[in-house]
Each structure stands twice: as C-alpha cells, then as structure tokens.
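These notes are about the structure you will find just below.
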There are 2 protein chains.
Amino acid sequence: MTLQEEMLYIGKQAREASQILARSKTNQKNNALEEIAIQLDQQRNQLTSANNQDLEAGKNKGLDSALLDRLALNEARITGMIEGLQQIASLPDPIGEITNLNYQPSGIRVGKMRVPLGVVGIIYESRPNVTADAAALCLKSSNATILRGGSEAINSNQAIAKCITAGLNKVGLPSEAVQVIKTTDRAAVGELIQMPKYVDVIIPRGGKGLIERISNETKVPVIKHLDGICHTFIDDKADFDKAIAVAFNAKTQRYGTCNTMETLLVAKDIATTILSPLAAKYTEVGVELRGCVDTRNILTDIKLATEEDWQTEYLAAILSIKVVADVDAAIQHINKYSSQHTDVIITEDWSKAMQFLTEVDSSSVMVNTSSRFADGFEYGLGAEIGISTDKFHARGPVGLEGLTSQKFVVLGDGHIRQ
Amino acid sequence: MTLQEEMLYIGKQAREASQILARSKTNQKNNALEEIAIQLDQQRNQLTSANNQDLEAGKNKGLDSALLDRLALNEARITGMIEGLQQIASLPDPIGEITNLNYQPSGIRVGKMRVPLGVVGIIYESRPNVTADAAALCLKSSNATILRGGSEAINSNQAIAKCITAGLNKVGLPSEAVQVIKTTDRAAVGELIQMPKYVDVIIPRGGKGLIERISNETKVPVIKHLDGICHTFIDDKADFDKAIAVAFNAKTQRYGTCNTMETLLVAKDIATTILSPLAAKYTEVGVELRGCVDTRNILTDIKLATEEDWQTEYLAAILSIKVVADVDAAIQHINKYSSQHTDVIITEDWSKAMQFLTEVDSSSVMVNTSSRFADGFEYGLGAEIGISTDKFHARGPVGLEGLTSQKFVVLGDGHIRQ
C-alpha cells in the first residue's frame, strides 16, 4: 500500500466507524471513556516506559528542554488524562438534543436535533496527553477520530492508543472509532488534510507555522487559532485597584499561554497615575516593558516599542504598552492588531463597556476581568478541544458543541404543502 | 485597474463597510430596508425597461424559455421583492443577542453575543430578484454583501442595485454595504472566491455545475447544497391515507424544486396494497414511474429503474420507486443515495419514527409530512438565503442566523485567575 492508499483506508474505516458512533447510546460512550481510563491506569508502567523511549530519542536528537517537558508523560500527567476521561464521561451527551420544536402556521412542528460532525482529524505536536483528551471529546460527541501526533511522541501515542482500543473493544464499539496514525512519515499530514470525503473537520494544535501551513493547504474545514495577541485596555474610568490586579494577572499568571496579555493599552488621562505603580509590579517579577513614545515619557527607562511589537505574541515575560486617547482609539488599535483571540476593557463606565463588548471583533471580549479566563473549562464548557478565532462554525473556546452540527427535524400528521 | 485589482478594491470597500454595519443600529437597518422597498416601488418603470433589455438580449442569444422565465422581472415579481424587503425589516434583529450569560465557579459571567460574519459573497444565476432578497438578508444581519448575478441579468441587477444604493444613502449607511458587480467578465467569480481576506463566506445559488466548480476552487467557506435527491419511505405501519396524500404531494406539488421527492421507498409488506392506488394518482397527472424489480412485479407496465435513477435529481415529472425490506433497508438506501437534503418516513410506529429521525443523516429529516415543507419560510426562519447540506456552520435551510456567528462575552468585577 502506498501512503496515500493507507491514509484513504484509514479514512474509509473512520467514516464507517462514525456511522456506528452516530447511533451509539450515551451509556455505551460513557462506559468506553471509563474503560479507557481504567486501561490507562492499569498500563501506567507501559506508558511510562514508552514515554521514556521517546524522551531518550528526543534527547539524542537534541530537542530543547521546553519540548522535552511537553513530551514528558509523568505520573501526574497520566493521572490528568485519566481524570480528564472521567470528567468528559460525566458531561451531558450533546448528541440527540432536540431544541425549539415549535408548531408552524402550516401545522407541522419544526425543531433542531444535534448530530455529530462525523470524522475529526486532529494534528498536534509533542504533547502525548492530547491523544487521550482529544479522542475522548470526539468520542463523547459521537465523532470518529484520526489522530496524528508529533513523530517525537510516537511510542507514547501508540501506548495510549492501545489503551483506547482496549476500552472501545470492551464496550463493543469499533476500534476504528479512534485511530492513531502509526507512520511518522510527514506526508501523512498532507494526505489527511486532502480527504474531504472521509474527514469532516481538521483541528490543528501547535505552533503558528504548522497551523498556517495546514490551513493554506487543506480541503477540509479547519477549527483553529493562529496565535493570541491579547489586549487589556485600562479606560480612564477604570477602578484603580481592579485595573492593577487584572492587568498584572493577565500578563504574569502564565507567560506561555495564548490567552496571556501581550499589549496593554492605557487611556491618556489615567496613564501617569497608573503606569508607574503597574510598571513597578511588572518589573518586580521580571517582565520587560516596551512602550510607545507617550509611555516612555512616563516610564523613562523602558525600551521603545516598534511596529513589530504590536504584532507580536511574545509568549514570554515581555509586555508592550501604548497610551491611547480614549476607548475609540483602543478599539481601533485592537481591531487592527489583535489576533481576535481575547481582548479586555477595564472600566466602571457602562456605555464604554457596552461599546467595547459590541465593537471589538474578537472571539472573546471581556469587561473587568483577566484574559487568562479565556478557556473552555473556565467558560463552563466542561472541556476544550481548541480555540477558534474564525467566525465560521465555532468562535472562541470549542467544547463538545463545536464538534456537532444540527439537523432539522419536522413532525407532521399527514401534512401536505398547499 | 486589472480585474484582480478591481475585485480586491471591491473587497476592501466591503470589509470597511462591514465594520460600519457591525455597529449599525436595528432601526437604521430596518429603515434602509424600507427605503429600498420604496425605491423599488418608485422605479418600477426603470426596472421593467432594464429587464426588457435583458430579456431581448436573452431572446437574441437564444436562451430557452425556462431561463427567460427566471430572468423576467414582471410587476408581480417586483411586488414580491418589495414585500420581501418589508418582511425582512419586520423580523427581529439577530445581531447583539446575548444568550446563556451565566455565572461560573470563578465568579465571572460568561455568555455569547451574536455577531455578523462580515462580508458575504453571493454568486447566482438568472433570477434578478435574488439581488434584492439576498442583499436584504445580509443587511439585516449586519453583513456587507458582494453580489455577482448572471451576465444575462446585468441590466436588471444594476437597476435594482441603484435602488439599494439610494435606500442605503437615505439612512446614512455606506453604499459599499451592498455592491453589485458591474463587470460581466466571468473571471470576476474566480477572483471573488479567492479573497479570504475580504470575503468571509460564499453562497452560490444555481445549477449543480456552478456550485461544484465554486466549491472546488474557493478559498472561502461556502454555504451550499449541490442537489436535492429527496426520499419518502412508506413504512408498513403507515396510515394508508396519510401515506397516499404525502407521497403524492411530495412529488407533484412542484416538480422543479430541490425539496421535491425523487425516490419513493415502500416497505415490502405494504407494497402491493399501496402502490397500485398511488401509481394511479401519479399516472393521472402525468408522472412517469420507474421501479425496481419488485415494484415492477406490482406495477407491471412501468420502466425498470437503473442504478443511475437512484442517483438522479429529476426536477421533472419522473419518480423512481423501490421496494425495501424494512426501515433498516430504507435508512441504508437513503444514507447511500440521498443528497442529505430532506428525507421522510411515513409511519404510525413510534420506534421506527424515532430510529429514522436519529439515523438518517440528512439536513432535514421528517415524519409524516411532505418534503416540500423543507424551506426557510415554512420552518419559521422568516426568510432563506439558501439551503446547506453540509454540517459545518449551517445545516438545512439557512435564515438570518446562518449569516451570523457568536462571540463570547465575559463580565467580571476585577476577577483574576488563580
């Protein structure tokens, strides 16, 4: 079999499995998730030893420590996978939900029934725990999954795949419901994203480069975000203490996440008052500040922010700061530079808060709170398969619902159209 | 300007207008729709004379009578456009709706706000009334529109465009909110579907060939259906009178529409009883019947249906009939041959009705009613921009909601993430 034939075969199997999953019962899916959790728990040694193989190979290949850290499947992370599975089992089943079943003037009743998308292709990089997390979310939403992890995690992923297969078999679901691609041939990704007949959506997770490449080349709809250039705007009607607390938290609670603030906008009337104490707090924890000309008139010893800074997702202890005239100027800057991930206003002014909520064109828009809350769990979705900054289909953190569609159901009693 | 530069310029203008529309108020949009309706009413003579130019050119080019009929903009159709605009003005504004604004354990409140998609590109064939209908739906949902009609309707479309521009100007909305492409160069379509920076969704309306070509070549998400191969399955537990009435209506109420039944499936236990009276009714109105071997054992004088028949959208007074063992066989046939548009079961059996609703993977699934009801107006959507047989973003008849997305809004009071 050529690689293309192999991938088409995997796709065909996934399509067939998806039809069985579409008819599967809630209990069966939940039992499968519980069984997979049990398997992972029983196979801790095998998982660890497979992961050690990957870690060793990674060290020999000279992978950097951040990558090795993401690759590591320690006891805590195995426990995390197990708890994740159990938690997803405990969520309500989104499939089959019928809403808005209302009578129409003709006498028919029309509503919507939630259905799975079909086959989900997940392309991710080094974190092996994504294998279990993503498979579980897709399984719960009755989608078949084709998973393609990073080649550096191949042994870990295959060890997890064995647990998933065992769990599926135990409850009588087809093992093709979750397929973890065995080949490390990079061309497999190219094939996977070119099979609209067998794959209904591609979810790429990883670096901007990977996601950009996939989006440009795929023939399948994609749920994605490229990066997170998140802003916090401190309005001149902001509460001083809330502004300091939120702006500090949004930057420093974690540096490497996509919902971390990268640019702070400050209304000019409050800039002198608030920038000095805030800068002191940032500097204390080692955040490098870069500012516009007006900012540097206040914080005289920081670097000048360039045009490039406004376009950069640092993912690091660096913050760019810009003084803006008012909320209009803030919205303008955000709609120009934001990656449409998450943007925040800090204000006590009702009208300006409402204006910001309405006019900022981002997937999450917040008032008086840290952008770090932009997350499926914090939003009460129960889980998150990814974040979308697009508008088509899903926007913002994507939970089970984003893996579903709705068909119309129409109930009549012999009704005919006049 | 090259054609590409011209199209990019149109796209850029649409994007800018979409940002103004996103902030526009409900009243302003409704007033614009009312003003456009007034303009159309005042310009009836100009519309008719522009349309006469198109009709004459069409006749000289030898267009067939069906196409000339679709092209015609008579008084009734102008009135139809006017009433359509007024009706869309009377619908609730979908934009800005906030739903599910609930407290989360952290104390933040999270909900969803409905927002426009941005810029909608509509590509359609000969019917000039689509120009007003589509523009109105997009305007009501705060989207900018780029419309590209058939070259044979160019004068009619430009006359309608003038009314739209006048209406927009009257209420202070930018005329670039609705742009009807002036060039009849076919390459303009190719450019329009390759501008993801400026166009957020493409809605192609017309023949299967046009839609297939656009779907294959576009870099922009598409809302579409290729065809309507709709089925009605008469179960052996069907009520005899309802079955006859619904199966007759689904085929004969109109032949040329996408929600017309093309294949009738009949459970074998009821086939002998029901096929003869039903065939008599069809034959009486001139419907040609084609049947499987079992059907022809009952209706001995009809043609044999071939494999091709099950795959054909006749859009004509032809019906293929197949006798199937039971509901399982019916579902299997439908999930194999249906175009996932609309499929119907006629039964009094609760379990089989539920099974059919769950397992048939079509955008509309019906019990005891005519497939001809699959329509945005009949479904209470107030209007319809098209029908989608895809699962991503929108499925089934697409009204205003399908032209929108939802962003997350998060309200806090100085909340920070722990």
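No value in this document is a laboratory result; all are computed from the given coordinates. Computed from a predicted model, the values in this text were never measured in an experiment. Cβ: placed from backbone, ideal geometry, glycine included. Neighbour counts: every protein chain shown.
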Calculate the tail of P(r) for chain A: the fraction of all Cα-Cα distances greater than 37 Å, expressed in %. 33
How far, in whole Å, is the nearest Cβ of chain A from the axis relating it by rotation to chain B, and which residue carries it? A:393, 2
So how far apart, in nm, are the two label points at residue B:281 and residue A:336 if each is 7 Å from Cα heading toward Cβ? 6.7
By how many nm would the segment from residue B:6 to residue B:20 lengthen if fully extended, with 0.36 nm per residue of separation less the alpha-carbon distance? 2.9 nm
Report the antiparallel proportion of the DSSP beta bridges in the protein assembly as shown as a percent, rounded to a multiple of 5. 25
So, R0 is 25 Å and r is the distance between the beta-carbons of residue B:182 and residue B:90; what FRET efficiency does that work out to, to 0.05? 0.20
Given Cβ point charges of +1 (Lys, Arg) and -1 (Asp, Glu) and nothing else, what value in debye, to the nearest 20, does the dipole of the protein assembly as shown about its Cα centre take? 220
In chain B, helical segments from DSSP H whose Cα atoms cover 20 Å or more along their own axis and that average at least -1.0 on the Kyte-Doolittle scale are B:3-23, B:26-42, B:75-90, B:154-170, B:268-284
For the stretch B:212-230 and the stretch A:75-96, what is the separation of their C-alpha centers, rounded to whole Å? 37
Arrange the following residues from fewest to most other Cβ atoms within 10 Å of their Cβ: B:44, A:290. B:44, A:290
Please compute the Cα-Cα pair-distance distribution of the stretch A:70-207 with 10 Å bins starting at 0, giving whole percents from short to long. 11, 37, 31, 12, 6, 2, 0
Given the options B:368, B:302, A:248, identify the residue whose Cα lies farthest towards the positive end of the charge dipole of the protein assembly as shown (+1 on Cβ of Lys, Arg; -1 on Cβ of Asp, Glu). B:302
Given unit charges at Cβ for Lys, Arg (+) and Asp, Glu (-), the dipole magnitude of chain B about its Cα centre in debye, nearest 20, is 1340
On a straight-distance basis, which aspartates and glutamates could pair with residue B:61 in a cross-link, Cα separation under 13 angstrom, same-chain partners fewer than 8 positions away excluded? B:152
Dividing the Cα radius of gyration by the Kirkwood radius, what Rg/Rh value follows for the protein assembly as shown? 0.99
Across 10 Å bins from 0, what is the distribution of all Cα-Cα pair distances for the stretch A:327-418, in whole percents? 15, 36, 24, 12, 9, 5
Which entries in the list A:224/B:197; A:197/A:219; A:25/A:224; A:197/B:197 go over 20 Å, if you measure between the two C-alpha atoms of each? A:25/A:224; A:197/B:197
Calculate I(q)/I(0) for the stretch A:192-272 by the Debye formula, one identical point scatterer on each C-alpha and no solvent, and give its log10 at q = 0.13, 0.26 Å⁻¹ to two decimals. -0.58, -1.15
Extended-chain gain in nm, criterion 0.36 nm per residue less alpha-carbon gap, residue A:288 and residue A:401: 36.7 nm
Would you please state which residues of the stretch A:277-317 a label at residue A:64 would reach in this model, taking the label point 7 Å out along Cα→Cβ and a backbone N cut-off of under 17 Å? A:313-317
Which whole number of Å³ per residue matches the convex hull of the alpha-carbon atoms in the stretch A:230-378? 94
Using a label point 7 angstrom from Cα along Cα-to-C-beta, what distances in nm, from shortest up, separate residue B:66 from the other copies? 6.1
For the stretch B:72-200, what is the charge dipole size about the Cα centre, in debye to the nearest 20, if Lys and Arg each add +1 at the Cβ and Asp and Glu each add -1 at the Cβ? 280
Among B:330, B:264, B:31 - extreme Cα towards positive end, dipole of chain B, charges at beta-carbon: B:31
How big is the Rg/Rh ratio for the stretch A:317-377, C-alpha atoms only, Rh by Kirkwood, two decimals? 0.95
Could you tell me the center-to-center distance, by alpha carbons, between the stretch A:195-210 and the stretch A:106-178 in angstrom? 14
Give the distance, in whole Å, between the Cα centre of the stretch A:246-272 and the Cα centre of the stretch B:369-418. 34
Straight-distance crosslink candidates among lysines, where the alpha carbon sits under 28 Å from residue B:303 and sequence neighbours closer than 8 are dropped: B:208, B:237, B:242, B:251, B:268, B:281, B:322, B:336
Give me the one-decimal nm value for the distance between modelled label points at residue B:75 and residue B:308, 7 Å along each residue's Cα-to-Cβ direction. 4.6
Measuring from a point 7 Å out along Cα→Cβ, what nm distances, shortest first, does residue A:103 have to its partners in the other copies? 3.8
Put +1 on the Cβ of each Lys and Arg and -1 on the Cβ of each Asp and Glu in the stretch A:230-378; which of A:276, A:293, A:232 then has its Cα farthest toward the positive end of the dipole? A:276
Return the lysines within reach of residue B:112: Cα separation strictly under 17 angstrom, same-chain partners fewer than 8 residues apart disregarded; answer none if there are no such residues. A:391, B:407
